[in-house]
Amino acid sequence: MSGTRITGKESGFTLVELLIYMAIFVVVLGSMYSIMISNTRSYSSQENRVEMTQDLRAAMNLMVRAIRMAGCNPEDIDNVGFVDEADAEDRYDTDADSIHFTMDIDADGSIANTENINYYRDNVDGIDKIMRRTGGGGVQPVAENITALTFSYRFADGDTGTPDETDADTTNDLDDIRSVQISITGQTATQDAVTGGMITRTQTTWVQVRNAGLE
């Protein structure tokens, strides 16, 4: 009588080996999840910063182009240049935190609404914004989440500061402005996903007023 004999052991995992493999799997899975979360936060942080920087750059470029042409007056008409509205709100003046100017770009001998421009910072709907106001009272937002907007002026004699607000004939009058320094500070719209706080950036530039002192 003959039969089949089993000469080797059947292969398989022991309970201890299975537990070890499961522990390794959990560690690897946890590491992959941590990397994914880190990458997501990094991407969100970078996206927030890029959006803020682009907004600052766009606002700066808009103001630079307009201020550069302040006082353009080919027809030699009155009331062209930097403005101080003595009887109006302070933000409609040309001073440390706002700027107001006129020009005659189309050389038609008059100042149209779009040639009367005023920039200032204001809180609208709970958000600090740079506002652009034109003649006729039209106001549009230029950039949001702006924590500071400041202007400094260089005059014909080389002095820097803000224009003299008195009626006295000084060397720091509105007519003596030759260049303008713009400084804008903005912050991210939401808290940074990496640092947990608000990220801020400041852009500063000087603008040469092309038409200043040409009379």
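Based on this model, can you work out whether Glu85 counts as closer than 28 Å to Ile184 by Cα and either touching a Pro at 6+ places or on another chain (Cβ under 8 Å) or touching a residue at least 12 places away in the same chain (Cβ under 8 Å) (or both)?
Yes, satisfied.
Just checking, how many residues over the stretch 94-114 are crowded, with 20+ Cβ neighbours inside 10 Å and more than 14 Å from Val180 (Cα to Cα)?
3
Are any of the residues in the stretch 132-141 within 15 Å of the chain's Cα centre (by Cα) and among the charged types (D, E, K, R)?
Scanning the stretch 132-141, I find at least one residue that is within 15 Å of the chain's Cα centre (by Cα) and among the charged types (D, E, K, R), so the answer is yes.
Restricting to the stretch 41-61, give me the number of residues that are closer than 12 Å to Asn145 by Cβ and buried (at least 17 other Cβ atoms within 10 Å of the Cβ).
Total satisfying the criteria: 5.
Residue-by-condition table, conditions (1) under 15 Å from Gly71 (Cβ atoms); (2) free of Cβ contacts under 8 Å to residues at least 12 places away in the same chain; (3) more than 25 Å from the chain's Cα centre (by Cα):
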residue: Asp159; (1), (2), (3): no, no, yes
residue: Gln181; (1), (2), (3): no, no, no
residue: Gly186; (1), (2), (3): no, no, no
residue: Arg201; (1), (2), (3): no, no, no
residue: Gly213; (1), (2), (3): yes, no, yes
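For the stretch 94-125, how many residues are within 22 Å of the chain's Cα centre (by Cα) and not in a loop (DSSP other than H, G, I, E, B)?
12
Could you pull out the residue among Thr185, Thr205, Thr200, Thr195 that is exposed (fewer than 14 other Cβ atoms within 10 Å of the Cβ) and either touching a Lys or Arg at 6+ places or on another chain (Cβ under 8 Å) or modelled with pLDDT under 85 (or both)?
None of the others qualify; the one that does is Thr195.
The values are calculated or read from the model by the stated rules, or taken from the named source; none is laboratory data. The shown structure was predicted, so the numbers you read here are calculated from the model rather than taken from an experiment. No Cβ is skipped: glycine too gets one built from the backbone with ideal geometry, and neighbour counts run over all protein chains shown.
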